[in-house]
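Asks: Got a structure for you, written out below as structure tokens; questions coming shortly.
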Amino acid sequence: MGVVGRPHGVRGLVRVHSYTADPADLAAYGALLDDKGRRWTVVWRGEGVAELRDESGRPLPDRNAAERLTNLRLYIERDRLPETEEEEFYLTDLVGLAAVNEAGEAIGRVALVHDYGAGTSLEIERPGASPLLVPFTRIVVPEIDIAAGRLVVVPPEEIEVREEAPA
């Protein structure tokens, strides 16, 4: 749902990158979890700047405490996310789907979804071969069927698809 960035000032405020449609909505989810299961709440203090509070409701005391949380990822439980509309899904729904070619032949399974800001890509694990990384566009992934547990992948011509992992 979000990532804690660098500290802002000396009073324990942090920059927070929100992945919600409207960044301000991140605070509306209430308690957010980190990788260790700790609960945090976000109180916006300016555009992209927030006070981060721990489980007891205490804000970070100073810049040093804020620095220790740089790159902390914030999540919510899946059942707290809004339901998707028809033909909508969350990127996490793609993980684990079978990847097949246009003829329906198995390519592998979606292992990860990468989004570094310049466009989303899918990492497809393939038995006996190195992973295949493809851009997540409608041209490369023309069909997604969450209910059936698969998606169709048409790798661009400039991507070489080897059947075996290089030695």
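The values are calculated or read from the model by the stated rules, or taken from the named source; none is laboratory data. Computed from a predicted structure; not experimentally measured. So basically every Cβ, Gly included, is an ideal-geometry build from the backbone, and we count neighbours across all protein chains shown.
Asks: Collect the residues in the stretch 1-22 that are surrounded by 15 or more Cβ atoms within 10 Å (Cβ to Cβ), out of contact with any Phe, Trp or Tyr (no Cβ under 8 Å at 6 or more places or on another chain), of a type in the set (G, A, S) and under 16 Å from I76 (Cβ atoms), keeping them in residue-number order.
Replies: S18
Asks: Right, another one. So H114 clears everything in (1) within 26 Å of V14 (Cα to Cα); (2) modelled with pLDDT of 95 or more; (3) outside the structural domain of A28 (by TED's automatic domain parsing); (4) not aliphatic (A, V, I, L, M) except one condition, right? Which one?
Replies: It is condition (2) that H114 fails.
Asks: Still on this structure, please answer the following. Only one residue in G30, G48, G57 is touching a Lys or Arg at 6+ places or on another chain (Cβ under 6 Å) and not assigned by TED's automatic domain parsing to the domain that holds H114, so which one is that?
Replies: G48
Asks: Out of curiosity, is I139 over 30 Å from R39 (Cβ atoms), exposed (fewer than 11 other Cβ atoms within 10 Å of the Cβ), in contact (Cβ under 8 Å) with a residue 12 or more places away in the chain and of a type in the set (V, I, T)?
Replies: Yes; evaluated as a whole, the condition is true for this residue.
Asks: Separate question: Of all residues in the stretch 77-97, count the ones that are part of a loop (DSSP other than H, G, I, E, B), within 12 Å of the chain's Cα centre (by Cα) and at pLDDT below 90.
Replies: Residues meeting the conditions: 1.
Asks: When you check G12 against the structure, is it more than 30 Å from L132 (Cβ to Cβ) and in contact with an Asp or Glu (Cβ under 7 Å, 6 or more places away or on another chain), yes or no?
Replies: Here the answer is yes, as G12 does meet what is asked.
Asks: Can you find a residue in the stretch 82-92 that is farther than 24 Å from T137 by Cα and polar (S, T, N, Q)?
Replies: Checking the stretch 82-92: not a single residue is farther than 24 Å from T137 by Cα and polar (S, T, N, Q).
Asks: Follow-up. If you scan the stretch 6-22, which residues turn out to be under 20 Å from the mean Cα position of the chain (by Cα) and not in a strand (DSSP E or B)?
Replies: Y19, T20, A21, D22
Asks: Among the candidates R68, R109, R80, R150, which residue alone is surrounded by 15 or more Cβ atoms within 10 Å (Cβ to Cβ), among the charged types (D, E, K, R) and out of contact with any Asp or Glu (no Cβ under 7 Å at 6 or more places or on another chain)?
Replies: None of the other options fit; the residue is R150.
Asks: Another question, then. Could you check the stretch 23-52 and list, in sequence order, the residues that are out of contact with any strand residue (DSSP E or B) (no Cβ under 7 Å at 6 or more places or on another chain), loosely packed, with under 15 Cβ neighbours inside 10 Å and assigned to a helix (DSSP H, G or I)?
Replies: Within the stretch 23-52, D25, A28 meet the criteria.
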